[in-house]
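Take a look at the structure set out below.
The values are calculated or read from the model by the stated rules, or taken from the named source; none is laboratory data. Note that the coordinates shown come from a computational prediction; the quantities given were computed from them, not determined experimentally. Here Cβ is always computed from backbone atoms with ideal geometry, including for glycine, and neighbour counts include all displayed protein chains. Remember, those area values only see protein heavy atoms, side chains included, never the ligands or the DNA or RNA. Shrake-Rupley method; radii C 1.70, N 1.55, O 1.52, S 1.80 Å.
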Amino acid sequence: MKVLVTGGAGYIGSHTVRRLLEEGHEVVVIDNLEKGHRTSLDQGVNFYKGDIRDSAFLNTVLDKESGIEGCIHFAAYSQVGESMEKPIKYYDNNVSGSVNLIKFLLLHGIKKIVFSSTAAVYGEPEEIPIKENSAVCPVNTYGETKLSVESLIRRSGSAYGFKYVILRYFNACGAHPNGDIGEDHDPETHLIPLVLKAAGSRKKDVTIFGTDYDTEDGTCIRDYIHVMDLADAHIKALLYLAKGSKSQTINLGLGRGFSVREIIDSAKRVTGRDIKVIEGKRRKGDPAVLVASNEKAREILSWEPYYTEIDSIMETAWKWHKGHPKGYNETIKDYLSNFF
Ligand code: UDP
């Protein structure tokens with residue numbers, strides 16, 4: 001299948017592109033490289049640097065790349081804290097960008113989309129595990145922008161015969177088992193990479209955001225889902241749409257939660273290193289527990305997570321981190337230091 005991937009040079013995008021290629025699909029990537037990394041993409045990808053808000057750019061790419069059957073849409077800003085400080089930036093890229101993209105997909109006859117949404121649409125959950133029909137009520141701008149695009153896609157579905165699968169992910173983590181692509185955000189705010197940075201350097205530590213939650217060990221519980229399992233789900237969703245099946249909204253999570261302390265303990269086991277931990281204050285807007293129900297993904301997409309143990313997830317993240325302590329920006333000297 002020929003697939004357009006927006007934001008294909010980002011964390012989840014690049015792993016999905018890798019898996020699409022591994023499965024023999026033809027891949028066209030567009031990414032403005034503001035957050036993405038060109039080096040995360042394999043040869044064999046038709047890559048176009050540009051922005052989904054740029055109509056002329058989209059038109060040129062879609063004119064040139066005929067025969068695209070579906071789009072996996074990742075391109076978006078994704079930092080919760082920044083989204084609260086810069087809502088216009090987030091609405092502009094995430095919402096206006098998606099309006100423009102969908103307009104041009106329709107103009108070019110591309111009527112299947114898999115959309116990268118988030119558990120942040122649920123806000124403070126009313127029930128655990130969270131089901132797809134649980135109430136949506138985002139508590140930050142990032143979640144709100146994703147929910148707005150969900151509505152846009154559903155409305156476009158009804159109005160223009162557009163078919164979609166909306167995927168709401170929980171905590172994406174891990175790296176390709178080869179260790180050559182992985183998570184590299186700037187700034188890094190996510191727990192697992194920060195814990196591994198602390199494991200990798202005696203000078204660094206990690207702060208636990210709150211130890212007084214109503215959970216067994218007092219720290220927040222999250223559902224950590226491996227990025228390659230997410231990648232598989234995107235491809236299964238596209239193949240599901242290709243069969244002519246009906247549009248869906250589906251959670252992607254392990255269906256099981258780990259506390260912040262359990263994550264740190266796993267990192268200690270996997271790295272064999274001590275990790276300096278500071279017990280800090282709660283971070284604003286963090287619910288105590290977020291765990292997905294993944295029944296629908298299993299039933300509708302015949303999807304099943306491969307990485308079900310936290311240590312095996314951590315091992316892939318550590319392999320990437322050890323080989324690329326500075327992410328994609330490592331110098332030749334850093335690279336050589338892996339061998340000598
Ligand atoms: N967290 C933490 N220290 C950090 C970063 C995160 O204790 O330096 C906690 C955070 O409060 C949350 C969990 O780790 O409970 C996962 O946070 P992350 O930012 O990775 O993902 P989020 O759940 O916000 O999407």
Open item on the list: Can you pull out every residue in the range 157-177 that is touching a residue at least 24 places away in the same chain (Cβ under 8 Å), open to solvent by 20 Å² or more (accessible area, probe 1.4 Å) and more than 16 Å from the ligand (Cβ to nearest atom)?
Closed with: Tyr160, Gly161, Lys163, Tyr164, Pro177
Task: Among the candidates Gly44, Gly8, Gly24, Gly36, residue that is in a loop (DSSP other than H, G, I, E, B) and closer than 22 Å to Lys243 by Cβ - done: Gly24
Task: Any hit, the range 188-198, residues being over 22 Å from Arg256 (Cβ atoms), assigned to a helix (DSSP H, G or I) and either open to solvent by 30 Å² or more (accessible area, probe 1.4 Å) or touching a strand residue (DSSP E or B) at 6+ places or on another chain (Cβ under 8 Å) (or both) - done: yes
- [ ] State yes or no: is His185 within 14 Å of the chain's Cα centre (by Cα), farther than 15 Å from Asp274 by Cβ and modelled with pLDDT of 95 or more?
- [x] no
- [ ] Evaluate the following for Lys296: is it in contact with a strand residue (DSSP E or B) (Cβ under 6 Å, 6 or more places away or on another chain) and either more than 24 Å from Ala120 (Cβ to Cβ) or loosely packed, with under 14 Cβ neighbours inside 10 Å (or both)?
- [x] no
Task: Tabulated pairs, the range 15-43, first open to solvent by 10 Å² or more (accessible area, probe 1.4 Å), second of a type in the set (Asp, Glu) and modelled with pLDDT under 95, C-beta under 6 angstrom, 6+ apart or interchain - done: Leu21/Asp42
TODO: Could you please find all residues in the range 107-156 being within 16 Å of the ligand (Cβ to nearest atom), among the hydrophobic types (A, V, I, L, M, F, W, C), touching a Gly at 6+ places or on another chain (Cβ under 6 Å) and part of a loop (DSSP other than H, G, I, E, B)?
DONE: Val139
- [ ] For the range 178-211, enumerate the residues that are more than 10 Å from the ligand (Cβ to nearest atom) and among the hydroxyl-bearing types (Ser, Thr, Tyr).
- [x] Ser201
Open item on the list: Considering only residues that are more than 16 Å from the ligand (Cβ to nearest atom), farther than 19 Å from Leu230 by Cα and under 18 Å from the mean Cα position of the chain (by Cα), which ones fall in the range 262-321?
Closed with: none
Open item on the list: Whether any residue in the range 66-80 is assigned to a helix (DSSP H, G or I), hydrophobic (A, V, I, L, M, F, W, C) and over 25 Å from Ala233 (Cα atoms) is what I want to check.
Closed with: no
